[in-house]
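What follows draws every value from the coordinates through simple rules; no lab data is involved. Treat the numbers as computed from the prediction; the structure is a model and nothing was measured. When we count neighbours, we look across all protein chains shown, and the Cβ atoms used for this are built from the backbone with ideal geometry, even at glycine.
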Amino acid sequence: MKRRKLSVNLVGSIVPPIEVGAREVRRDDAESLARLMLEAYRGTIDDGGETLDDARSEVVKTLDGGYGRFDFVASEVIERGGAIVACTIVTYYQGLPMIAFSLTLPAWRRLGLARGGLLRAMARLAGAGHGIVQLAVTCGNTPAERLYESMGFSDVE
Ligand SMILES: CC(C)(COP(=O)(O)OP(=O)(O)OC[C@H]1O[C@@H](n2cnc3c(N)ncnc32)[C@H](O)[C@@H]1OP(=O)(O)O)[C@@H](O)C(=O)NCCC(=O)NCCS
């Protein structure tokens, strides 16, 4: 499937919304993140029929730096009632920060959780001195493309 590479400059003042349910990612979140990943992608253009085992492997690989160093400071999960319902995961690709995953459970969508998570991650990256953040999105993943475009991400040449 064709992928778009997008980036946005972390210039100016990013005003991240306060989210009391947001916290840093811990290694013992792996199982919850795997379930979130499986449910978030189910039925989307990126759904390749993966199993929970596949999702678990993907999450562990991400946490272990298989997609570039995992940024435990910039990344976050959002909890509701003690359960993780959304996440924003930042790793590094070719030395630049990358949004590896932005995921929201179907029942919690269109409430601004992904946008808020991205804004807080971007603010933390800017605070750490980064000037740009990048990501890749599958062409036709309309919710994600609209989300990123609405936040100023544009195609990398
Ligand atoms: C993409 C995704 C993370 C968005 O999560 P979300 O928490 O619902 O997003 P938000 O509520 O913050 O939406 C912010 C904006 O994104 C856009 N957007 C989100 N979902 C959309 C949809 N289904 N159709 C069109 N635009 C959409 C809108 O501009 C929205 O603003 P609005 O609600 O004020 O119109 C979620 O749909 C998801 O988990 N998808 C599956 C996993 C995935 O593809 N992740 C991205 C690639 S890693």
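Overview of results
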| read-out | value |
| --- | --- |
| Nonlocal amide H pairs with I84, under 5 Å, H built at 1.01 Å | none |
| Cleavage-rule hits (chymotrypsin sites (Phe, Trp or Tyr not before Pro)) in segment 41-115: DSSP loop, at most 16 neighbouring Cβ within 10 angstrom | F72 |
| Long-range HN-HN contacts of A100 with modeled amide H, under 5 Å | I89, V90, T91 |
| Estimated 222 nm signal from helices in the chain, with DSSP H stretches of n ≥ 4 weighted -39500 (n - 2.57), rounded to 500 | -9500 deg cm²/dmol |
| Where trypsin sites (Lys or Arg not before Pro) fall in DSSP loop in segment 1-78, at most 10 other Cβ within 10 Å | K2 |
| Derived scalar couplings ³J(HN,Hα) [segment 7-15; Karplus, 6.51 cos²θ - 1.76 cosθ + 1.60; whole Hz; x for Gly, Pro] | 8, 9, 7, 9, 9, x, 8, 8, 9 |
| Rounded if a/c under 1.5, otherwise prolate or oblate - segment 82-157, Cα gyration tensor axes | oblate |
| Extension gain (nm, one decimal) between D53 and E24, 0.36 nm per residue minus Cα-Cα | 8.1 nm |
| Net charge, D64 excluded, C-beta distance under 13 Å - Lys, Arg +1, Asp, Glu -1 | +3 |
| For A22, distant residues with modelled amide H under 5 Å away | E79 |
| Net dipole in debye of the chain [+1 Lys, Arg Cβ; -1 Asp, Glu Cβ; about Cα centre; nearest 20] | 320 debye |
| Kirkwood Rh and Cα Rg combined as Rg over Rh, evaluated for segment 3-155 | 0.92 |
| Per-residue HN-Hα couplings for segment 90-102 [Karplus 6.51, -1.76, 1.60; θ = phi - 60°; Hz; x = Gly/Pro] | 10, 10, 10, 10, 6, x, 10, x, 9, 7, 6, 8, 10 |
